[in-house]
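Visitor: Structure in structure tokens, see below.
Values in this text are rule-based calculations from the coordinates and carry no lab data. This is a predicted model, so every value here is computed, not measured.
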Amino acid sequence: MDRAERREFVRTHRTAVFGYSRKSDGPAQSIVYYVSDGDDLLVSTMGARAKAKAVERLGKVSLCVLDEQWPPSYLVVYCQAKLETEPRAVVDLMMRIAGVMAGKPMPETVRPLVEDGARREGRVAVRLTPYATFHSPPKHVHDATDVGAKLLHGLGDALPW
């Protein structure tokens, strides 16, 4: 993928694996929905969750953006991360993510419910600013003729965003 294709892949998808380093044990990962805000990506989470604490502690995370179609492909995006807590921005983000989940924008009539949920859950916005990607072209087996030399994998590429 060239730079434009990588950015388009991220722009046109909606789910990712959010990865970060834990204080102990191995890395943590969780599935999230995300939206774009210019070149940045936004994720909603509860401020008390480990994702938010890791962002405060480390300031760097990864998103493995997933293609929801078969055969699966992905693109890992490395990001600077920071928390945003302004209530209106948090609710606006939640409204957008609910729309992404539903496949259509949420009507303003649900905003009071979203505001209540954001307050009760202590929601924050995570702003991710990509700085690099890692791409490994997927290889798939569709039938027996795909097994062999053309199925062998090479090394992926770490590329600037």
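Visitor: If you average over every viewing direction, what projected area does the convex hull of the Cα atoms of the stretch 81-125 give, in nm²?
Guide: Mean orientational projected area (the stretch 81-125, Cα hull): 3.2 nm².
Visitor: For the chain, just list the percent of Cα-Cα distances falling in each 10 Å bin from zero outward, please.
Guide: All Cα pairs considered, the percentages come to 10, 35, 32, 16, 6, 1.
Visitor: Within the chain, which DSSP H helices have Cα atoms that stretch 18 Å or more along the helix axis and a mean Kyte-Doolittle hydropathy of at least 0.5?
Guide: Passing helices, by number: 87-102.
Visitor: What does the C-alpha gyration tensor say about the overall shape of the stretch 26-118? Classify as rounded when a/c is under 1.5, otherwise prolate if a/b is larger than b/c, or oblate.
Guide: Judged from the Cα gyration tensor, the stretch 26-118 comes out oblate (a/c at least 1.5, b/c at or above a/b).
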